[in-house]
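The values are calculated or read from the model by the stated rules, or taken from the named source; none is laboratory data. Just so it is clear, the model here is predicted, and its values are computed rather than measured. Because the Cβ atoms are built from the backbone with ideal geometry, glycine has one as well, and the counts that use them run over all protein chains shown.
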């Protein structure tokens, strides 16, 4: 009985001391809470339209290299993949930004540059 108690105590200590696994938001988790969110997926990260974020508008971002195009517009979170978007039309070009930060990208919509920022956990 004492061995079982010690084993259980050891398991609780080990489980309690392991760090929690943080995962970045998915299209499913975002659209579940905000069904009208303007998001896209690139490089397994979800990006959200950042034009309404005042802190992002204070910085100047310049579009650089083309990194791809939107291939599908969908509001379904099922099988949401890279280059899928909820609002951007198929064919919309996506660009890296001047700060070489993979967490900000620019969509070129009819000549207008729209900033998107990655949603990260943590």
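Can you tell me which residue is farthest from residue 32 (Cα to Cα) among those in the stretch 88-99 that are in a loop (DSSP other than H, G, I, E, B) and touching a strand residue (DSSP E or B) at 6+ places or on another chain (Cβ under 7 Å)?
Among residues in the stretch 88-99 that are in a loop (DSSP other than H, G, I, E, B) and touching a strand residue (DSSP E or B) at 6+ places or on another chain (Cβ under 7 Å), the one farthest from residue 32 (Cα to Cα) is 98.
Could you figure out which of (1) buried (at least 17 other Cβ atoms within 10 Å of the Cβ); (2) touching a strand residue (DSSP E or B) at 6+ places or on another chain (Cβ under 8 Å); (3) under 17 Å from residue 39 (Cβ atoms); (4) touching a residue at least 24 places away in the same chain (Cβ under 8 Å) isn't true of residue 63?
Here residue 63 meets the rest and fails (3).
Exactly one of these conditions fails for residue 56: (1) modelled with pLDDT of 85 or more; (2) in contact with a strand residue (DSSP E or B) (Cβ under 7 Å, 6 or more places away or on another chain). Give me its number.
Exception for residue 56: condition (1).
Any residue in the stretch 100-113 that is in a loop (DSSP other than H, G, I, E, B) and over 18 Å from the mean Cα position of the chain (by Cα)? Give the steps one after another, and end with the answer.
Step one: filter the stretch 100-113 for residues in a loop (DSSP other than H, G, I, E, B), giving 100-103, 110-111.
Next, only the ones that are over 18 Å from the mean Cα position of the chain (by Cα) stay: 110-111.
Checked against the condition, which is being in a loop (DSSP other than H, G, I, E, B) and over 18 Å from the mean Cα position of the chain (by Cα), the stretch 100-113 yields at least one hit.
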